[in-house]
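Here's the structure we're looking at; comments come further down.
What follows draws every value from the coordinates through simple rules; no lab data is involved. Because the structure is predicted, anything quoted here is derived from the model rather than measured. FYI the Cβ positions are ideal-geometry reconstructions off the backbone, even for glycines, and counts take in every protein chain you see.
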Amino acid sequence: MSSVDDFERAFSALKTGGAEALIVAGSGLTSTNAGQIANLAMKYRLPSMVSSRDRVDARRPHRLWANLPELWRRAATYVDKILKGPSRVNLPIEQPTKFELIINLKTPRR
């Protein structure tokens with residue numbers, strides 16, 4: 001995306017293509033343009049999920065994501081296991097087990 005018009009075209013294509021919802025991944029691009037993305041999601045009536053608790057507001061109705069403080073605690077436990085000796089090769093890959101669902105109940109009423 002190189003211009004504001006690119007977002008408008010992308011949302012138009014999503015809606016024309018039959019998209020029913022939008023998941024907004026966290027990145028520099030989406031953070032910088034969060035307001036515009038939220039406004040376009042409202043304009044095109046695409047419910048959207050965002051990756052940050054502070055982005056849930058009147059324009060962004062809900063969020064479902066792994067609980068970040070829990071991920072950091074799990075990471076610390078994993079580092080502790082590595083430092084205490086078992087081979088990293090023998091440690092299992094871990095996935096999030098705790099998630100947050102935040103819903104802004106005011107937005108759907110608009």
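Derived scalar couplings between HN and Hα for the range 67-83 equal 6, 4, x, 5, 4, 5, 4, 5, 5, 4, 5, 5, 4, 4, 4, 5, 5 Hz in order, rounded to whole Hz, by the Karplus curve 6.51 cos²θ - 1.76 cosθ + 1.60 (θ = phi - 60°), x for Gly and Pro. Across the range 25-30, coupling constants 3J(HN,Hα) worked out from phi with the 6.51/-1.76/1.60 Karplus curve, θ = phi - 60°, read 6, x, 7, x, 5, 6 Hz, and Gly and Pro carry x. Here the simple spin-label model places points 7 Å from the Cα toward Cβ, and for Ser27 and Tyr78 these points are separated by 2.2 nm. Hand me the trypsin sites (Lys or Arg not before Pro) from the range 1-45 located in a DSSP loop with no more than 16 other Cβ atoms within 10 Å, in residue order please. The qualifying sites are Arg45. Taking amide hydrogens as placed 1.01 Å from N in the peptide plane, the amide H of Met49 sits under 5 Å from those of Leu22, Ile23, Val24, each at least 5 positions away in sequence or on another chain.
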